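Worksheet for the structure shown next.
Read the figures in this text as sums done on the coordinates, not as results from a lab. On a predicted model such as this, the values are computed, not experimentally measured, just so you know. When we count neighbours, we look across all protein chains shown, and the Cβ atoms used for this are built from the backbone with ideal geometry, even at glycine.
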Amino acid sequence: MKLFDEKTGYLRLDELVEERASFRKAMEDGKVTSEEMKEQAELVIAYLKKIEAQLAEKDQELLSDTLCELAVLYVMNAFREE
């Protein structure tokens, strides 16, 4: 799985999201329910706990910083003026 587009250098996150079974399942009916949000949050937490258990403290800090800045980017995008 390639995270970055070879031509643009940008993160392929939107494309990767569309490939995920969890996203496709949630979007089958075109609506996202509170239960689906809860299930996805629990899945993310489980993955993060697995990663945290395997990383050294220095690497955990790098991961935390990366996730936080990614979240900032996506929130900024929601408020962006075109």
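Looking only at residues that are surrounded by 10 or more Cβ atoms within 10 Å (Cβ to Cβ) and either closer than 19 Å to GLU69 by Cα or among the small types (Gly, Ala, Ser) (or both) in region 16-45, which one is farthest from the chain's Cα centre (by Cα)? Among those residues, the one meeting the criterion is ALA26. Screening region 53-82 for residues that are within 16 Å of the chain's Cα centre (by Cα) and not hydrophobic (A, V, I, L, M, F, W, C) and picking the one that is surrounded by the most Cβ atoms within 10 Å (Cβ to Cβ) gives SER64. Within region 29-60, the set of residues being more than 18 Å from LEU13 (Cβ to Cβ) and in contact with a Leu (Cβ under 9 Å, 6 or more places away or on another chain) comprises GLU52, LEU55.
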